[in-house]
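Below is one structure, written out as structure tokens; the observations come after it.
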Amino acid sequence: MKVIVDFDVCESNAVCMQVAPDVFEVRDDDFLYVLVDEIGPDEESAVSEAARRCPRQAITLRT
Ligand code: SF4
């Protein structure tokens, strides 16, 4: 699955990083970086949880 972040609405609050740190990283420059574009089955539940908890609804998973 592919991870898509709408950076126009992301506010870099790092909620997703807390849930799925292997995939999302907010760096010192205060921008969110997506570390893995294509996630495997192992990461799917954590990324789905991150998408659900993102207060800005900025994360989309696409097959
Ligand atoms: S949880 Fe949403 S708003 Fe927060 S850093 Fe992640 S994508 Fe951006």
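The values are calculated or read from the model by the stated rules, or taken from the named source; none is laboratory data. All figures in this text were calculated on a predicted structure; none of them were measured in a lab. Note: ideal-geometry Cβ built from the backbone for every residue, glycine included; neighbour counts use all protein chains shown. Just the protein is used for accessible areas: all its heavy atoms, side chains included, with ligands, DNA and RNA removed. Shrake-Rupley method; radii C 1.70, N 1.55, O 1.52, S 1.80 Å.
Using a 1.4 angstrom probe on heavy atoms only, work out the carbon and sulfur share of the accessible area of the chain in %.
Answer for the chain is 45 percent, counting heavy atoms of protein chains only.
Each residue of the stretch 47-63 is assigned a 3J(HN,Hα), and the resulting list reads 6, 4, 5, 4, 5, 5, 8, 4, x, 9, 6, 8, 9, 10, 10, 10, 7 Hz, derived from the Karplus form 6.51 cos²θ - 1.76 cosθ + 1.60 (θ = phi - 60°), x at Gly and Pro. What the Cα atoms of the chain give is an Rg and a Dmax of 10.3, 31 Å. Using θ = phi - 60° in the Karplus curve 6.51 cos²θ - 1.76 cosθ + 1.60, the 3J(HN,Hα) couplings for the stretch 29-40 round to 7, 6, 10, 7, 10, 8, 7, 9, 6, 9, 9, x Hz; x is entered for Gly and Pro. What FRET efficiency do you get for residue 45 and residue 2 if R0 is 25 Å and r is their Cβ-Cβ distance, rounded to the nearest 0.05? Once rounded, the FRET efficiency stands at 0.95.
Average accessible surface for the chain: 65 Å² per residue, computed with a 1.4 Å probe over protein heavy atoms with every protein chain in place.
Note on the chain: helix-only mean residue ellipticity at 222 nm, from DSSP H runs of 4+ residues weighted -39500 (n - 2.57) and normalised by residue number, equals -8000 deg cm²/dmol.
Close amide H partners of residue 26, meaning residues 5 or more places away or on another chain with modelled amide H under 5 Å apart, are 33.
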